[in-house]
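> Sending over a structure as structure tokens; questions will come in a sec.
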Amino acid sequence: LQMLRLHLPDPPADSEEEEEEAAAEGAAAQSSRSSIPMDAEHVELVKRTMASVKLPSLGIPAWASQISEDQWKDVVQRTLQARQS
């Protein structure tokens, strides 16, 4: 996987101060998310809008065509589990 550059880099070390700031930002983000009206019509509008978004093919790395979505998800999941242990 490393030969294909399919490994995730180590996360940066967080200081306690950064963790506290992140928690405060997360609470603020949660608060603002709960105030956005998301009825069924709104959800469909977002889905239709996102479905029309196309990434330029030059922005897709070469390895992406050589690995399936399931394989990539497995790499990400194993990396996250290894970091939690």
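The values are calculated or read from the model by the stated rules, or taken from the named source; none is laboratory data. All figures in this text were calculated on a predicted structure; none of them were measured in a lab. Quick reminder, even Gly has a Cβ in these numbers, built from the backbone with ideal geometry, and neighbours come from all protein chains shown. Heads up: the accessible areas ignore ligands, DNA and RNA and are worked out on the full protein's heavy atoms, side chains in. Shrake-Rupley method; radii C 1.70, N 1.55, O 1.52, S 1.80 Å.
> Would you check if there is a residue in region 60-82 being in a helix (DSSP H, G or I), open to solvent by 80 Å² or more (accessible area, probe 1.4 Å) and modelled with pLDDT under 75?
Within region 60-82, none of the residues are in a helix (DSSP H, G or I), open to solvent by 80 Å² or more (accessible area, probe 1.4 Å) and modelled with pLDDT under 75.
> Shifting gears a bit: For Ala28, indicate whether it is at pLDDT below 85 and surrounded by 10 or more Cβ atoms within 10 Å (Cβ to Cβ).
On the way: at pLDDT below 85: yes; surrounded by 10 or more Cβ atoms within 10 Å (Cβ to Cβ): yes.
So Ala28 passes the test.
> Count, please, the residues in region 39-59 that happen to be among the acidic types (Asp, Glu) and part of a loop (DSSP other than H, G, I, E, B).
Number of matching residues: 1.
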